[in-house]
Every structure is written in structure tokens, then in C-alpha cells.
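Heads up, the thing below is written out as C-alpha cells.
The values are calculated or read from the model by the stated rules, or taken from the named source; none is laboratory data. Being a predicted model, the structure only gives us computed values, none of them experimental. Glycine also receives a Cβ, built like all others from the backbone with ideal geometry; neighbour counts cover every protein chain displayed.
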Amino acid sequence: MPPRRTVALSQELIVTACLELVESGGPGALTFRNIGRRLGVDATAVYRHFRDKDDLVRALADRLYEEALAGFAPGEDWLDTLRDAAMRVYRAFAGHPQAAVLAASRSTRREAEINAIEVLLDALRQGGFEPPEAARYERALGDHVLAWAAFEASFVMLPPEVREGDAGAPLVYAAQSRERYPRLAECAPHLPPVTVPQFETALEIFLVGLRTLAPERPSDTEPVTPGPVGTEPAGQG
């Protein structure tokens, strides 16, 4: 057996390896042994940086938040800020479907996720919501985004023949009896293909609701912008 190469391990390097492993081999590929093999180190070396697999999964999820917020800046309008932040998080998670299945339901309790929460809360405060409402709506919007990303990820992970069958659903709906399903008959030609995500439509519906709920007088709270990830370590738990 050839000697193992010397690698200067770091959490960043390990998380990158985790993302590559999961995307190429699926969620089941995420083991300490596989990570060590990919990095050319013993699995015990990985344990010096992460306590267990759950710690790894949370770090992996936080990497997706970090990717989402790279280059982010608040918009001129609070709704624009929410829209941009939500689209970024959705694209980051949906763009890594194998990782999203593992990570979308998790609270990372790490810096990038905390920055994302701060961005949403600040936008809601700029919209005039008081802290109790801002906290509720931030949670609802965050869950809305991640649920959609996980839904899209689960569809992408289906076997090709299953996806193909689901893609034909609109044709089945269109073939139903007009007498029995008159509304379906009139709307069937306009049904979006199953393979075309409808997240942007769902997000706009959510934002219209927030705009309706927003107080008439905008908040006089000064906007804040979280610092880049890595400038101030967040507590881990």
C-alpha cells in the first residue's frame, strides 16, 4: 500500500470533499472513511475537525448558505432584498440536489446560516414589521425556500424512468372528461410542465402576502449588512 500523502486538513477542505462525495455518490457516500480516502488521510484525522456525521452535515448545509450569500448586497427595496436572498438560497440548495436532501431540513447554527437569517430579519424590519412579526415571517420564508429546494432535489434524484412518467402528468390531466372536470379542461393547456420548477411563482405569492401585511409606515430602522463569512466565528452547538 502506498504511503498516505500529507494533507494540511482544514474544515473548509473537508467540507469541500464532503460536497464532492455527496454529489457524486449520493447522501449515503458521506462517511468518515470515504472522506479520509478522498483526502488521502486516515478517517481519524477528520474526527479532529468534526465530532460526528451530524456535525459534518450541518457544516455542509452552511457551505450552501455561504455559496448563496457570496456577493450579496441588500436591494433598494425590502421586498427586493427578500426576493434576491430567497432566490440565492433556493438556487444554492437546488443546485446541489444530493446535498440538499441531507441539508435542507437542518439548522446549521453556523455563521453563514446566521448571516442569512440576519439578512431576512433586517429586510422585514425595513418593511415596518415589529420584531415578533419579523421573527415569524423570517422563519416562514426560510422554511418556504428550503422546502421548495428539497422538493426539487427529491424530484431530480428519482430514477429517469420515474421522472419521465411524472413529466407526462399534464397530458393525463388534459385527457380527462370535460363534463366531469370543466375547470381542469379549461386550464389544462396552461398547466406548467412538472419538470419546470415553479419556485419563482410561489415566492412571488409569498411576497405579495408580506406586502399586504406590511405596515403602511416603513420602519426607520437603519439597514444592516452582515460581514463576510469567516470574519467573526459563530458559536457552534
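Consider residue 57 carefully, then state whether it is under 12 Å from the mean Cα position of the chain (by Cα), β-branched (Val, Ile, Thr) and within 24 Å of residue 154 (Cα to Cα). No: the conditions fail for residue 57. Restricted to helices (runs of 4 or more DSSP H) entirely inside segment 96-212, those with at least 1 residues that are at pLDDT below 95 are 97-103, 131-156, 160-167, 169-174. If you filter segment 24-73 down to residues that are of a type in the set (Val, Ile, Thr) and in a helix (DSSP H, G or I), you find that the one that is farthest from residue 108 (Cα to Cα) is 44.
When residue 117 is tested against (1) without any contact (Cβ under 8 Å) to a residue 40 or more places away in the chain; (2) aliphatic (A, V, I, L, M); (3) farther than 21 Å from residue 202 by Cβ, only condition (3) is not met. Only one of the listed residues (30, 82, 39, 69) is under 20 Å from residue 157 (Cβ atoms) and crowded, with 18+ Cβ neighbours inside 10 Å. That residue is 30. Under the condition of being within 24 Å of residue 20 (Cβ to Cβ), free of Cβ contacts under 8 Å to residues at least 40 places away in the same chain and touching a Phe, Trp or Tyr at 6+ places or on another chain (Cβ under 8 Å), the residues counted in segment 65-91 number 1. For segment 131-165, a tally of residues being farther than 26 Å from residue 89 by Cα and either among the acidic types (Asp, Glu) or touching a Cys at 6+ places or on another chain (Cβ under 6 Å) (or both) returns 2.
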